[in-house]
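Enquirer: Dropping a structure here in structure tokens format, bear with me for questions.
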Amino acid sequence: MGARANALYREGEGEIRDSRLLNGGAALGLDYRSKVVLLSFDAQYLRNVNKAFQYVLLLDPGLDHLPSAMPTNLSTQPAWVSASTSEEVILGLADLNLSSKWVVTTGSGFSHSFVSYPGYCPAFLLDYSGTVLCEQFNQASVPENYSTDVGVRGKVHTGVVSHSLLGGWNRVHDTVGFGDFNDYGPSQPYNLYTSYRPKSPNYSFPVVSLDNVVDDESTKGWYLGDTAGLMHDRLLLTGGFRRTTMRSTETFRANSSPQSQFHESAFTPSAAGLFKLTSRVSIYGNFIQALEPGWIAPPDTKNAGQIFPAMVSNQFEIGAKTQLRGWISTLALYRISEVNGVVKGATNPPTFSQDGRQVNKGVELNLAGDFYRGFHAILSASFIDSRQRSTGDPAIEGKSTAIVPGATERVNLNWDLPHAQGLALDCNLMETGSAPFDAANSRRVPSWTRLDLGARYALGREKPLTIRAQVENVSNNQFWISVFSGGLAPSGPLVVNVSTSKSF
């Protein structure tokens with residue numbers, strides 16, 4: 001038998017001017033293990049409140065280039081804007097060992113959430129001097145999620161070939177109740193580049209009703225798979241397929257759109273191979289196909305909660321992995337085709353739609369190892385060409401996908417100082433290339449760089465007391481981050497975090 005308990009509470013000012021944060025939660029876990037059965041049960045409660053946070057910024061269609069980056073410590077919205085979430089989660093898992101090679105497993109879970117925007121105000125930038133129009137709205141939603149999974153896995157041999165078999169059935173059922181969505185007109189005026197933000201709304205928001213709009217979506221299916229090992233498992237070949245059925249019913253706005261229903265089923269295969277050229281070098285390739293749920297318009301859009309039809313996605317990938325002299329490196333080339341979601345910022349708030357395919361072709365390189373003892377490094381680079389295909393819209397067809405940068409690079413260094421027992425320094429450098437601002441590629445969001453520095457000091461060896469300090473965005477760079485097609489968010493401010501932890 002075993003038990004686990006965790007609790008968290010945090011409250012205070014945030015990094016943004018006039019902001020207030022509250023994060024709390026508790027979790028309890030119970031476990032039982034024997035030679036035949038493994039049982040576990042987990043229950044969690046989470047609570048978050050965020051006031052005067054940075055939110056999406058939309059641009060007036062008449063602006064032909066991006067505005068100057070705003071101060072990092074200011075919100076895009078009035079100071080009264082707030083959001084809160086609460087969530088209860090229950091999870092259960094049971095494994096039954098039929099033998100040393102066969103296991104039956106089952107699990108089930110449930111979660112209930114409440115997401116509230118009692119009053120919020122998406123900002124619409126009108127000119128380059130910083131004049132903002134912020135429409136006042138209120139909205140709330142109640143998501144509930146149920147999941148069940150039953151499966152069996154085992155190992156057998158047929159001659160010189162080993163097999164790892166897997167089969168099962170699962171189901172996920174999601175429902176969402178949406179509250180009223182009302183437009184109460186513009187807030188009190190303010191300027192994006194100055195510190196003043198309205199402290200209270202100029203409208204008294206009513207209590208949100210949650211019983212008029214419901215989305216209902218379920219995904220279920222069964223699956224079979226086998227990994228065959230040849231040449232003493234030097235060559236591994238994996239094949240399998242899944243039969244998936246998706247059903248959704250939605251009335252995303254009781255007063256604006258009739259109820260719509262979607263029902264899709266598909267057989268989706270997968271195949272993969274891995275060959276160990278040597279004990280240190282492996283090559284692999286895979287193809288995966290999946291029936292995926294359609295997009296759901298996010299809460300900050302005009303048609304929030306609208307469910308779109310399911311679509312089949314495809315992924316091809318080939319790559320190699322090496323381990324040499326303390327360094328591990330991976331190289332991957334891939335092509336992913338998936339449904340394309342577009343947020344159109346011509347309205348306030350913007351409207352979400354699902355149009356055509358998003359085709360991503362890319363290369364990823366990762367290196368991890370030690371330059372010398374105590375000096376660790378993780379280096380990564382990603383290069384991607386993302387295009388919109390089969391959209392039926394000449395304005396976006398063949399153009400780059402919004403918000404997807406062409407390149408990203410990361411460098412993480414950690415140095416255990418040799419002459420200062422317990423002291424370590426770390427450095428994290430992030431470089432993100434420019435990205436299209438919107439689906440039509442009318443403008444581009446510039447590239448940005450962020451540097452974080454930190455230190456760690458551990459007192460004691462057996463059960464140490466550890467003190468950590470980190471400075472995020474050391475140079476306090478001001479830049480825009482592209483968050484969806486036609487939307488911007490400001491970079492985070494310079495932040496100093498200090499914490500202590502103790503092992504018992």
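Enquirer: Write out, first by first residue and then by second, each pair whose Cβ atoms fall under 6 Å of each other, whose residues are 6+ apart or on separate chains, and whose first residue, in segment 484-498, is in contact (Cβ under 8 Å) with a residue 24 or more places away in the chain while the second is of a type in the set (Phe, Trp, Tyr) and open to solvent by less than 40 Å² (accessible area, probe 1.4 Å).
Expert: Hits for this filter: Leu488/Trp480; Ser491/Phe479.
Enquirer: Does Val37 count as among the hydrophobic types (A, V, I, L, M, F, W, C) and open to solvent by 40 Å² or more (accessible area, probe 1.4 Å)?
Expert: Details: among the hydrophobic types (A, V, I, L, M, F, W, C): yes; open to solvent by 40 Å² or more (accessible area, probe 1.4 Å): no.
So Val37 does not fit the description; no.
Okay, residues lined up against (1) open to solvent by 70 Å² or more (accessible area, probe 1.4 Å); (2) in contact (Cβ under 8 Å) with a residue 60 or more places away in the chain:
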position: Lys361; (1), (2): yes, no
position: Gly374; (1), (2): no, no
position: Ser380; (1), (2): no, no
position: Phe383; (1), (2): yes, no
position: Thr391; (1), (2): no, no
position: Glu397; (1), (2): yes, no
position: Ser400; (1), (2): no, no
position: Ile403; (1), (2): no, yes
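Enquirer: When the residues of segment 124-165 are narrowed to those that are at pLDDT 90 or above, small (Gly, Ala, Ser) and assigned to a strand (DSSP E or B), which ends up farthest from Pro198 (Cα to Cα)?
Expert: The qualifying residue farthest from Pro198 (Cα to Cα) is Ser162.
Enquirer: OK, next. Can we say Tyr55 is open to solvent by less than 50 Å² (accessible area, probe 1.4 Å) and among the aromatic types (Phe, Trp, Tyr)?
Expert: On the way: open to solvent by less than 50 Å² (accessible area, probe 1.4 Å): yes; among the aromatic types (Phe, Trp, Tyr): yes.
Spelling it out, Tyr55 is indeed open to solvent by less than 50 Å² (accessible area, probe 1.4 Å) and among the aromatic types (Phe, Trp, Tyr).
Enquirer: For segment 426-452, which residues satisfy the criterion of being part of a loop (DSSP other than H, G, I, E, B) and open to solvent by 60 Å² or more (accessible area, probe 1.4 Å)? Can you show your working first?
Expert: Here is the first cut: in segment 426-452, the residues part of a loop (DSSP other than H, G, I, E, B) are 433-434, 437-443, 446-447.
The answer is Ser442, Pro446, Ser447.
Enquirer: Hey, another quick one. Search segment 149-173 for residues being over 27 Å from the mean Cα position of the chain (by Cα) and among the hydrophobic types (A, V, I, L, M, F, W, C), and hand back the single one that is nearest to Val103 (Cα to Cα).
Expert: Val152
Enquirer: Can you find, within segment 15-34, the residue that is least open to solvent (accessible area, probe 1.4 Å) among those that are part of a loop (DSSP other than H, G, I, E, B) and in contact with a strand residue (DSSP E or B) (Cβ under 7 Å, 6 or more places away or on another chain)?
Expert: As a first pass, look at segment 15-34 and keep what is part of a loop (DSSP other than H, G, I, E, B): 15-19, 34.
Imposing the further condition that a residue be in contact with a strand residue (DSSP E or B) (Cβ under 7 Å, 6 or more places away or on another chain) reduces the set to 15, 19.
Numbers: Glu15: 96, Ser19: 10 Å².
It comes out as Ser19.
Enquirer: Ala455 is checked against (1) assigned to a strand (DSSP E or B); (2) buried (at least 17 other Cβ atoms within 10 Å of the Cβ) and fails just one. What number does that condition carry?
Expert: Among (1) assigned to a strand (DSSP E or B); (2) buried (at least 17 other Cβ atoms within 10 Å of the Cβ), the lone unmet condition for Ala455 is (2).
Enquirer: Which members of segment 93-121 meet the condition of being surrounded by 15 or more Cβ atoms within 10 Å (Cβ to Cβ), in a strand (DSSP E or B), over 21 Å from the mean Cα position of the chain (by Cα) and not polar (S, T, N, Q)?
Expert: Within segment 93-121, Leu93, Ala94, Asp95, Val103, Val104, Gly107, Pro118, Gly119, Tyr120 qualify.
The values are calculated or read from the model by the stated rules, or taken from the named source; none is laboratory data. Every value quoted in this text rests on a predicted model; they were computed, and no experiment measured them. Positions of Cβ are generated from backbone atoms using ideal geometry, with glycine treated the same way; all protein chains shown enter the neighbour counts. For accessibility, only protein heavy atoms count, side chains too; no ligands or nucleic acids. Shrake-Rupley method; radii C 1.70, N 1.55, O 1.52, S 1.80 Å.
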